[in-house]
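Trainee: Sharing a structure below in structure tokens format, with a few things to ask.
Values in this text are rule-based calculations from the coordinates and carry no lab data. Note that this is a predicted model, so its numbers are computed, not measured. Every residue, glycine among them, receives a Cβ derived from its backbone with ideal geometry; neighbour counts consider all protein chains shown.
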Amino acid sequence: MSKKAYIIFIISILSVYTAVSQNIDISQNWKFEFGDNVSWAQLSTDDNNWKTMPKLGIVEDLGYPDFKGFAWFRKKVVIPSSFKANALKYGYINLVLGGIDDSDQGFFNGKMVGESGKLPPDSYIQGFYTFRMYKINPNEVLWDKENIIAVRLYDHLENGGFYKGPYLICVPNDIDFRPAEKEVPTFTLPKDYEIWTKNVQLPANLKTNAAKNNGLILNTNLPGNVKFFINDKLITESNTPNAHRIFVPNTMLKWTPAETLTIYLAKNNPKDEIMFSKLTFEDAGLSDMLYITNKSGANSDFVYDMEVINHSNIDITGTMSLELVSDTYKIEDKILQPLTIVKGGTKILTYKFKPAFSGAYFIHYKIIDTAGNILMGSVAKGFAP
């Protein structure tokens, strides 16, 4: 019987790209009142005697179990002038109100900026499943002064109010993903998908190792049903929400002025899952390219057939050694072989040990590439008669 171990290989020397967004948390300290009066959207409305909602949530949870129909919610917010440059650059500010039960209209300084569902008396259409993100004209903002956000809410049945955040004033920028209109050339936008984009300036300290390893690792969390592009080249697709560790070849990177990341996102995905998703770039190495798993036990001759699979986009050259180690951690035997695998290729190396002892043993492996990167681990353990 022979033993196979499957290896996929890359090394992680962490260098992280981070940045700061221009967001204001608006989840706390709201005023609300039952009834319906469109003048309540105005900045001049006196809401001092209104009820208080310490944190946006469901109205019934505040002790109003019979709530149905209309209610208005108001919050004063100061937006610093430090947000102004990006607001004018992109032409809008996002008012993010998350999930609302059932339908609503959003207002900023007395002007309606968005609507989800339809409200009586004209008609009623529930907007429960819509993620609220309304655009504010930056010219309507009173910079460094109080502005008023107002929400006209209609609850048709029960549990009316705000059921899912985030709740933010959010200025678009080159750091966070933002909605876009331009398609990736040669990749037609699928039906019921939308485009999101962001720019990333990579730190200069990543460039040296990226050249040596022919690429970088991108760590990110993606929602389901997305296509992910870097500089207009498809890098991955995802059908289920998951954390992704993606090898990005140097051929896809520009370095200057910045990398353009584009996502085709299914419209039924919650927008916050992509808007505020975090990502990091880091150096690539052996542990990312090779994966090792043991498929069978060794025979009495201790023959190991090591199948090495290179899933990376680069050729790998170096050595691979297997060590037969006793339970007293003494190396009883060691076999070293050269290792060369082209990108996407497979190699089988056979190792035959002749143990001169009885007792427990371990089989350890070590891969060293020509750049000096090391990948180590164990592929087996057992008992020698």
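Trainee: Going down the table (Lys198/Lys271; Lys89/Lys198; Lys31/Lys76; Lys254/Lys278; Lys51/Lys76; Lys334/Lys354), which pairs top 18 Å between alpha carbons?
Mentor: Lys254/Lys278
Trainee: Only four residue types carry charge here, +1 at the Cβ of Lys and Arg and -1 at the Cβ of Asp and Glu. Report the dipole size of the chain about the Cα centre in Debye, rounded to the nearest 20.
Mentor: 1040 debye
Trainee: Further question on the same structure: Order of 245-252, 118-125 by packing, highest average Cβ count within 10 Å first?
Mentor: With the highest mean Cβ count within 10 Å placed first, the list reads 245-252, 118-125.
Trainee: Can you grab the distance from the C-alpha centre of the stretch 25-43 to the C-alpha centre of the stretch 99-161, Å, no decimals?
Mentor: Measuring centre to centre over Cα atoms gives 10 Å.
Trainee: Let me ask you something else. Given contacts defined as C-alpha pairs under 8 Å and at least six residues apart, what's the relative contact order of the chain, whole-number percent?
Mentor: Working: 949 pairs, mean separation 77.9, N = 385.
Computed value for the chain: 20 percent relative contact order.
Trainee: Pull out a ≥ b ≥ c, the square roots of the eigenvalues of the alpha-carbon gyration tensor of the stretch 109-154, then state rounded if a/c is under 1.5, prolate if not and a/b is larger than b/c, and oblate in the remaining case.
Mentor: prolate
Trainee: Looking only at the stretch 10-139, where both bridge partners belong to it, what percent of the DSSP beta bridges are antiparallel (to the nearest 5)?
Mentor: 100 percent
Trainee: Sequence gap at least 6, Cα distance under 8 Å: using those rules, report the relative contact order of the stretch 156-292 to the nearest whole percent.
Mentor: Computed value for the stretch 156-292: 30 percent relative contact order.
Trainee: What nm value, rounded to one decimal, do you get for the distance between Ser277 and Ser81 when each label is placed 7 Å out toward the C-beta?
Mentor: 3.7 nm
Trainee: Relative contact order of the stretch 119-220: what whole-number percent is it, with Cα pairs under 8 angstrom and at least 6 residues apart?
Mentor: Dividing the mean separation by the residue count of the stretch 119-220 yields 16 percent.
Trainee: Sticking with this structure for a sec: Out of residues 5 or more away from Ser27 or on other chains, whose amide H comes under 5 Å of its own, with H placed 1.01 Å from N in the peptide plane?
Mentor: When sequence neighbours closer than 5 places are left aside, there are no close amide H contacts.
Trainee: For the stretch 56-182, what size does the Cα cloud have along each of its three principal axes, sorted from largest down, in whole Å?
Mentor: Ordered largest first, the stretch 56-182 gives principal extents of 45, 35, 26 Å.
Trainee: Projected onto the charge dipole of the chain (+1 at Lys/Arg Cβ, -1 at Asp/Glu Cβ, origin at the Cα centre), which of Pro355, Asn29, Ala41 gives the Cα projection farthest towards the positive end?
Mentor: Farthest towards the positive pole: Pro355.
Trainee: Between Leu234, Ser82, Tyr134, whose Cα lies farthest towards the positive end of the dipole of the chain when Lys and Arg beta carbons carry +1 and Asp and Glu beta carbons carry -1, centred on the Cα centre?
Mentor: Leu234
Trainee: For the chain, what does -39500 (n - 2.57) per DSSP helix run (n ≥ 4), summed and divided by total residues, give at 222 nm, in deg cm²/dmol to the nearest 500?
Mentor: Helix contribution divided over all residues of the chain: -1000 deg cm²/dmol.
Trainee: While we're here: When Lys and Arg each count +1 and Asp and Glu each count -1, what net charge do the other residues less than 9 Å away from Asn231, Cβ to Cβ, add up to?
Mentor: Here the count lands on 0.
Trainee: List Trp72, Trp196, Trp50 from most exposed to least, where exposure is judged by having the fewest other Cβ atoms within 10 Å.
Mentor: Final ranking by Cβ density, sparse to dense: Trp50, Trp196, Trp72.
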